[in-house]
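Note sheet for the following structure.
The values are calculated or read from the model by the stated rules, or taken from the named source; none is laboratory data. All of these numbers come straight from a predicted model, not from anything done at the bench. Glycine gets a Cβ as well: all are built from the backbone with ideal geometry, and neighbour counts include every protein chain shown. Side chains included, ligands, DNA and RNA excluded: accessible areas come from the protein's heavy atoms. Shrake-Rupley method; radii C 1.70, N 1.55, O 1.52, S 1.80 Å.
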Amino acid sequence: MRLTILYKPGCGDRPWLIKREGGAYEQHAHLHTKKDALRVRQIIDAGKYPYCKEYKTAVQRLLTEEEFKKLHKKQRYFNSQKGPR
């Protein structure tokens, strides 16, 4: 999958655009900084599930529903001495 990162100064608060090449029009997301856009690309390449609300929304928009469900979720921490929190 190819992702393109563009800078669109006329888009107001979120000028950095990340879009899926060859995807539908809806498969794009606007982000605040270039660092955020690169981090979203890194999350998708690694196949990890994003827990940050902003990144999760961006990844959901870029991937199809089946691709998003296949992302690897990290197991929740469990302290055996004190129980789950």
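Taking segment 1-47 on its own, how many of its residues are in contact (Cβ under 8 Å) with a residue 12 or more places away in the chain, of a type in the set (Ser, Thr, Tyr) and part of a loop (DSSP other than H, G, I, E, B)?
Residues flagged as in contact (Cβ under 8 Å) with a residue 12 or more places away in the chain, of a type in the set (Ser, Thr, Tyr) and part of a loop (DSSP other than H, G, I, E, B) within segment 1-47 amount to 1.
Identify, please: which residue in segment 1-39 is among the hydroxyl-bearing types (Ser, Thr, Tyr) and loosely packed, with under 11 Cβ neighbours inside 10 Å and is, among those, farthest from Thr64 (Cα to Cα)? Break it down into steps so the answer makes sense when it comes.
The first filter runs over segment 1-39 and keeps only residues among the hydroxyl-bearing types (Ser, Thr, Tyr), leaving 4, 7, 25, 33.
When the remaining residues are screened for being loosely packed, with under 11 Cβ neighbours inside 10 Å, the result is 7, 25.
Numbers: Tyr7: 24, Tyr25: 13 Å.
Here the residue is Tyr7.
Can you name every residue in segment 48-85 that is open to solvent by 40 Å² or more (accessible area, probe 1.4 Å), part of a helix (DSSP H, G or I) and touching a residue at least 12 places away in the same chain (Cβ under 8 Å)?
Glu54, Thr57, Arg61
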